[in-house]
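Structure first, commentary second.
Bear in mind that the values in this text are calculations on the coordinates, not laboratory data. Nothing here was measured: the structure is a model prediction, and the numbers come from that model. For neighbour counting, all protein chains shown are included, and Cβ atoms are generated from backbone atoms with ideal geometry for every residue, glycine included.
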Ligand code: RIB
C-alpha cells in the first residue's frame, strides 16, 4: 500500500529564461528561450512524492488568475489530492522569475502572491489530511506561522515532520522542537546556525546545532557531493550520483519529496538518503522544476547504474 504524504507549501508559475550571466544593477541584459513551467517548492515536493509512489495531499493556495487553475490541474494530473488547496480571489498566483545560466545554476526572484494567504486556519481545515499522513513535508514558501501550525497539528497526530527550511525567513526557533527531520542545504544551514558551513567538519557542527535544537535527524544537503546526516547513530555522509547538470531548479525539492517518501516507507535513513540523492541528481540533469522530477523507476535505474559499496561513509 502506498504511504500517505501531506505537503504544506507553495505552488508557483516559474518563468524561466536563459542568460549568459546575471545582469548588473541598472543593466538590461537580453535573455532567451522563455518557458513557463509549473514549480514552487511545496508543489515540486508533492509531485516528486507522487511520482515515486506516495499518495499525496497538497495544502496550499493559488490565485484566481490565468495561472492558478493550471497549477492545480497540473497537480491533479499527477494524482495529487488538491481538495485542501484554495483559490484566493484577491491574490495573484505565486510566480518565480528564474534566470538559468549555462552552468545549470540559477537565480530566482520569487513573488509569493497567494502562497502568503495560506493561513493557520486553512491548515486547521486540513487537519484530517495531516492526521492520516505518515509524514508532513513543509518548507518556507508559505507564512512561517502557518508552517508552525501545520507542525503542531502533525505532532498532535503523531505524524512525522520533514522540514526543508527554504527560503530561510521568519523566526524558526519555535519550529525545531516539532521537526523530526531537517534538511537544509549548506547556505541555509549557515544562515540558520549563524556559523560558516564550507566543509564537512562545519556541516557536522551545523548538524549538531540542529540536534541541540531538538531535531531528531539532522541532514545537511551537500549538492552533487550528496548529504550528511547526524542522528542517534552518529554522523555519516551518503555520497551523491554523477550526472551532467542541465538545470538545478527543483533538485532540492526532488531530494525532499523522495526522502520523505522513503522514510515514510520505513527505509533506513542511509537508504532513504541514497534514494533522495539520486532523485535530486536526476532533477538536476533535466530542464525545469516539475518537468524534471523523476519517477521511481528512473531513480532506481540511476541507483542500479551507479551502484557503489562505499556510498555511505562514517564521519
Ligand atoms: O526550489 C525550486 C523552486 O523555487 C522553483 O520551482 C521556484 O518556484 C522557486 O520557488
(message) If I ask for residues that are surrounded by 22 or more Cβ atoms within 10 Å (Cβ to Cβ), touching a helix residue (DSSP H, G or I) at 6+ places or on another chain (Cβ under 6 Å) and in a loop (DSSP other than H, G, I, E, B), which ones from region 236-250 would you list?
(response) 240, 241, 250
(request) From 30, 52, grab the single residue that is away from the ligand (no atom under 16 Å from the Cβ) and crowded, with 24+ Cβ neighbours inside 10 Å. (result) 52
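Applying the selection to region 127-146, what residues are closer than 15 Å to residue 40 by Cβ and surrounded by fewer than 18 Cβ atoms within 10 Å (Cβ to Cβ)?
Answer for region 127-146, where residues must be closer than 15 Å to residue 40 by Cβ and surrounded by fewer than 18 Cβ atoms within 10 Å (Cβ to Cβ): there is none.
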(message) Take the residues in region 55-92 that are assigned to a strand (DSSP E or B) and within 16 Å of the ligand (Cβ to nearest atom); name whichever of them is nearest to residue 164 (Cα to Cα).
(response) 58
(request) Select from region 183-203 the residues that are over 15 Å from residue 213 (Cβ atoms) and assigned to a loop (DSSP other than H, G, I, E, B) and list them in ascending order. (result) 196, 197, 198, 199
(request) Look through 305, 270 and report the one residue that is surrounded by fewer than 18 Cβ atoms within 10 Å (Cβ to Cβ) and free of Cβ contacts under 8 Å to residues at least 24 places away in the same chain. (result) 305
(message) Filter region 96-111 down to the residues that are surrounded by fewer than 22 Cβ atoms within 10 Å (Cβ to Cβ) and either within 13 Å of the ligand (Cβ to nearest atom) or in a helix (DSSP H, G or I) (or both) and list them by number.
(response) 97, 99, 105, 106, 107, 108, 109, 110, 111
(request) Looking at (1) on the phi < 0 side of the Ramachandran plot; (2) under 17 Å from the mean Cα position of the chain (by Cα), find the lone condition where residue 207 falls short. (result) (2)
(request) May I ask you to list the residues in region 135-162 that are assigned to a strand (DSSP E or B) and either in contact (Cβ under 8 Å) with a residue 40 or more places away in the chain or over 19 Å from residue 259 (Cα atoms) (or both)? (result) 135, 136, 137, 138, 160, 162
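Yes or no: region 34-49 includes at least one residue that is without any contact (Cβ under 8 Å) to a residue 40 or more places away in the chain, away from the ligand (no atom under 12 Å from the Cβ), assigned to a strand (DSSP E or B) and surrounded by fewer than 24 Cβ atoms within 10 Å (Cβ to Cβ).
Scanning region 34-49 turns up at least one residue that is without any contact (Cβ under 8 Å) to a residue 40 or more places away in the chain, away from the ligand (no atom under 12 Å from the Cβ), assigned to a strand (DSSP E or B) and surrounded by fewer than 24 Cβ atoms within 10 Å (Cβ to Cβ).
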